[in-house]
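One structure is given below, encoded as structure tokens.
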């Protein structure tokens with residue numbers, strides 16, 4: 001793997017410098033990269049990876065309660081709703097092998113397939129009270145049950161703290177996968 005230190009993306013806080021680290025795969029598999037805390041993205045049609053406090057869910061069967069909640073949602077692979085705006089500046093998730101899904105023509109989500117791994121990359125924000133964001137994780141857990149071991153769900157920082165309440169949640173602490181939030 002080729003490591004790339006991009007200082008233009010680095011910042012300084014009161015405690016010291018925070019260095020941004022990218023990588024280009026050489027002989028490493030996608031599984032190896034994801035299992036070691038790397039998250040994929042695409043830049044200029046090229047696959048890249050960045051090191052982060054990433055997160056994942058061990059894929060197991062979901063509860064009957066969640067299945068009933070999902071049954072109340074119209075789930076499609078297309079939408080006619082032109083008001084769903086895919087986030088500007090995140091075109092890097094438009095390359096590679098991906099699949100979009102929509103809830104009730106309001107919510108949009110995208111999963112990325114890299115080799116034998118699956119990554120939930122991005123979703124739009126909604127102000128609906130149906131908890132589409134949370135339910136999207138359960139939808140993907142159910143969809144990929146028996147097909148993959150983990151659903152990688154990208155970054156885990158304070159603004160994504162809600163993820164720790166998802167079933168079988170783990171985050172990359174820089175040395176390994178953990179469930180310990182202390």
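What whole-number distance in Å separates the alpha-carbon centres of the stretch 146-165 and the stretch 1-51?
The stretch 146-165 and the stretch 1-51 have Cα centres separated by 18 Å.
Using label points projected 7 Å from each Cα along Cα→Cβ, tell me how many nm separate residue 149 and residue 31, to one decimal.
0.6
For n ≥ 4 DSSP H runs only, could you compute -39500 (n - 2.57) per run for the chain, divide by its residues and tell me the 222 nm figure to the nearest 500?
Values: 3 runs with 27 residues, N = 182.
Per the formula, -4000 deg cm²/dmol.
Using only Cα atoms, tell me the angle between helix 132-144 and the longest principal axis of the chain; keep it within 0 to 90° and round to the nearest 10.
Relative to the chain, helix 132-144 is tipped by roughly 90 degrees.
With a ≥ b ≥ c taken as the square roots of the eigenvalues of the C-alpha gyration tensor of the stretch 133-178, please select rounded if a/c is under 1.5 and otherwise prolate if a/b is larger than b/c or oblate if it is not?
Since a/c reaches 1.5 but b/c is at least a/b, the shape of the stretch 133-178 is classed as oblate.
Express in nm, to one decimal, how much length is gained between residue 72 and residue 14 on full extension, taking 0.36 nm for each residue of separation and deducting their alpha carbon distance. The partial results should precede the final answer.
Numbers: separation 58, 0.36 × 58 = 20.88 nm, distance 4.78 nm.
Additional length available on full extension: 16.1 nm.
Relative contact order (percent) for the stretch 54-178, with alpha-carbon contacts under 8 angstrom and 6 or more residues of separation? Write out the running numbers ahead of the final one.
Values: 187 pairs, mean separation 45.9, N = 125.
Relative contact order for the stretch 54-178 comes out at 37 percent.
FYI, it's all coordinate maths here, none of it is from the lab. Quick caveat: nothing in here was measured; it's all calculated off a predicted structure. Cβ sites come from the backbone with ideal geometry, for glycine too, and all protein chains shown count toward neighbours.
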